[in-house]
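What follows is a single structure, written as structure tokens, with notes after it.
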Amino acid sequence: MKYLPLRAFSFRAGIAGLLASVLLACGGGGDSTTPVTGVQIRQLSPEFTARKAVAYSPYRTATSADGLAAEAIPKANIKQDLDLLLAAGFRLIRLFDSDDKVAKQTLEVIRDEKLNMKVQLGVYMQSGADAANKANLDRAVALAKGFSSIVLAVSVGNENMVVWSFNKIAPDVMAGYIRTVRNQITQPVTTDDNYLFWASAPTIITDVIDFASLHTYSELDTVFDPKRWDWKQTGVPAAERAKAMMDGSIAEARRQYNEGRAGLDSKGLSYIPITIGETGWNAVDLGQLAFRAHPVNQKMYLDRLATWAAEGKAGAGPKAVFYFEAFDEPWKQGDDKWGLFNVQRQARYAVQEINANNSPAGSATWVWEPGTYLPTDALYFKPAVVKPPIVENKYVLYTDAAPGASEVRPTDLFWDAFDGNTAIAPEVTTNYGPNDATHSIEITPHPASYGWGFLRQPHSTDVTDNLSNYASSGTLKFWISTTYPGKIEIGISTDTQDRVAQEAFLQIQPGNYGYCNTGAWCQVSIPIKDFVAKNPNLDLTLVLSRFVISDVYSRTGNAPGSTAKLYIDGIYWSK
């Protein structure tokens, strides 16, 4: 069960010596025939614009970015992947790098197996790593030349220049990288970036590209810019709200494309075509996409994209739309579950009807992901429902003790780890809290790069409890036995009336609230009002995560990697 927030990013001057010339028909956004940059624009291949497109990465077993280098990528796996994509109608893939393990092998499989597949080749660019970047450029040039019948275009960099980029590269530096590639190959060249960048792209970049590859994520905008468009559609009857939301999502994607188009046109660059380099919809909610992320909603978005892509190929609009992503990518952790196929290469609902008989697809076998869906299963926004307040004196989350006179023990909660696997926590009988025999929970951290976490929560945001009676004088109490070094975190989370979950974590060290890490059992007692003080937006009428224990290194300051065990027992809220 994923709990941490989604990451706010995806893994996404003229050329000297060239004379100004009359621009031939290029499939761009307007009818201008004279380039203002002095650079002869290279036309996108008709095959590029005619083919159904998808972003592709072959990684299957890595569970973090650190594990990518160690994962082997057999060509048989790539062949299986490409066969599945071909069976689903995708004949143009976008690769994100020009490395030997993925890009070169993928191109070799396409060539050697004579697959009807073309490629937009990528070049990964790293901020402040000029030597490594130049080596990546050299590899891209070699692949574009060596596989010229397969590589239809090259994209240098991915979301490096938009204002919120976590891998920032200055436009003048990026322009030099683009120019280096473009001077050595014959294919059209671009850089991939968010629509906000293209809406005001500097001349130093527009002078060296043949087309713009624009990213639009209307789904993620509901998290990071929730007022940008009305995804909740509360003015629409509930029975029509899912359709209204998905119609609104594609309308927002179109608006973002138009914003990028207008930005280029305002500079006299209406002849530069735009493609959608990335757009998609999550099939599974990993943290902040309740009422949105679902296999049926994913299909609704994909179907609307297909209509938009057809319009662009025939007239105004994007000249290709790359769906993100072909397959799930567990290594991205909170940014996973975009795939049209899951990591086991099972077809999701969005593409199942393309191959309704589960017939073989080349060297692969078309298998459906478990689960049966109907169009009416699509998610949509539902206002929060507040239950009557809990009136008992104790709200018990874990104990072996006999029930008391004034307590309640919820039965619809589960123990989950952040990202599903960052903590292993069986119930054991070898160690337990005072007066709470004979069990406790033994937590062994299996930390990801950011840390680990373990929590008591429901598996639906509709399963909340009203614990507002504990707000003024209540406490969260539990017993703990550990030698874990440094601080730990204790937290709770709630839903809110606008359905934007809120959380509060307190970082505690030995001596805080009774906590100790000597290995002895000690009872921790935290006033509920301290959580509210940490985050005043908590709504205790809609409590979701009733208890969280974790170590997120960026918050605790702990050295990463400790796997010291923590035993917890006797967990409850008390008035």
Any idea which of G235, W573, T429 is furthest toward the positive side of the dipole for the chain, if Lys and Arg beta-carbons carry +1 and Asp and Glu beta-carbons -1? G235
Share of the range 388-441's accessible area from carbon and sulfur, percent, 1.4 Å? 54 percent
Per-residue accessible area, 1.4 Å probe, largest first, puts H459, H294, H215 in the order H459, H294, H215
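Which value, to two decimals, describes the C-alpha radius of gyration of the range 381-495 once divided by 2.2 N^0.38 Å? Don't skip to the end; give the middle numbers.
Details: Rg = 15.9 Å, N = 115, 2.2 N^0.38 = 13.4 Å.
Rounded to two decimals, the normalised Rg is 1.19.
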By how many nm would the segment from T438 to A69 grow when fully extended, if each residue of separation counts as 0.36 nm and the alpha-carbon distance is taken off? 128.4 nm
With a ≥ b ≥ c from the Cα gyration tensor eigenvalues, square-rooted, and the rule rounded for a/c under 1.5, otherwise prolate when a/b > b/c and oblate otherwise, the range 352-430 is oblate
Restricting to lysines and to Cα separations under 16 Å from K477, and discarding same-chain partners fewer than 8 apart, the set is K394, K529, K575
What is the distance in Å between the Cα centres of the range 84-123 and the range 365-385? 31 Å
Under the Karplus relation 6.51 cos²θ - 1.76 cosθ + 1.60, θ = phi - 60°, what is the ordered set of whole-Hz ³J(HN,Hα) values for the range 81-97, x standing for Gly and Pro? 4, 5, 4, 5, 5, 5, 5, 8, x, 8, 10, 9, 10, 9, 9, 9, 8
I'd like the FRET efficiency for N421 and N512, computed as 1/(1 + (r/R0)^6) with the beta carbon distance as r and R0 of 30 Å, rounded to 0.05. 0.55
Over all directions, the average projected area of the alpha-carbon convex hull for the range 221-270 comes to how many nm²? 4.1 nm²
Whichever lysines have a C-alpha closer than 18 Å to that of K104, once near sequence neighbours (fewer than 8 apart) are set aside: K75, K79, K114, K118, K134, K145
Inter-label distance, nm, simple model (7 Å from Cα along the C-beta direction), A520/D303: 6.5 nm
So, R0 is 25 Å and r is the distance between the beta-carbons of A62 and K534; what FRET efficiency does that work out to, to 0.05? 0.15
Whole-Å distance linking the alpha carbon centroid of the range 525-559 with that of the range 422-477 is 13 Å
Answer with one residue from G404, L374, A384: the one whose Cα lies farthest towards the positive end of the charge dipole of the range 363-415, charges on Cβ with Lys, Arg +1 and Asp, Glu -1. A384
What distance in nm separates the simple spin-label points at R499 and S45, each placed 7 Å from Cα in the Cβ direction? 4.4 nm
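Under a 1.4 angstrom probe, counting protein chains only, how are T63, T376 ranked by accessible area, largest first? It would help to have the intermediate numbers written out before the result.
Values: T63 80, T376 120 Å².
The residues order as T376, T63, largest area first.
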Give the cross-link partners of K332 among the lysines, using a straight C-alpha distance below 20 Å as the criterion and excluding same-chain residues fewer than 8 apart. K2, K101, K168
Simple spin-label model, 7 Å along Cα-to-Cβ: L374 to N357 in nm? 2.7 nm
Considering the options Q256, M300, N355, tell which one lies farthest towards the positive end of the dipole of the chain, charges being +1 on Lys and Arg and -1 on Asp and Glu at the Cβ, about the Cα centre. Q256
If the only charges are +1 at each Lys and Arg Cβ and -1 at each Asp and Glu Cβ, what is the size of the charge dipole of the range 200-339 around the Cα centre, to the nearest 20 debye? 380 debye
In terms of the alpha carbon gyration tensor, root eigenvalues a ≥ b ≥ c, rounded if a/c is under 1.5 and otherwise prolate when a/b exceeds b/c or oblate, the range 123-164 is oblate
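With every protein chain left in place, what is the accessible area per residue of the chain in square angstrom, probe 1.4 Å? Walk me through the intermediate numbers first.
On the way: 21980 Å² over 575 residues.
Here the residues of the chain average 38 Å² of exposed surface.
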Can you give me the pair-distance distribution of the chain, C-alpha pairs, 20 Å bins, whole percents? 19, 47, 28, 6, 0
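Compute, for the chain, the length of the dipole vector about the Cα centre, with Cβ point charges of +1 (Lys, Arg) and -1 (Asp, Glu) only. Units Debye, rounded to 20. Present the calculation step by step, with values, prior to reporting the outcome.
Details: 54 positive and 60 negative charges, 177 e Å.
Around 840 debye, computed over the chain.
The values are calculated or read from the model by the stated rules, or taken from the named source; none is laboratory data. Everything numeric in this text was worked out from a predicted model, so none of it was measured. Quick reminder, even Gly has a Cβ in these numbers, built from the backbone with ideal geometry, and neighbours come from all protein chains shown. Each accessible area value is taken on the protein alone, full model and side chains, heavy atoms only, with ligands, DNA and RNA left out. Shrake-Rupley method; radii C 1.70, N 1.55, O 1.52, S 1.80 Å.
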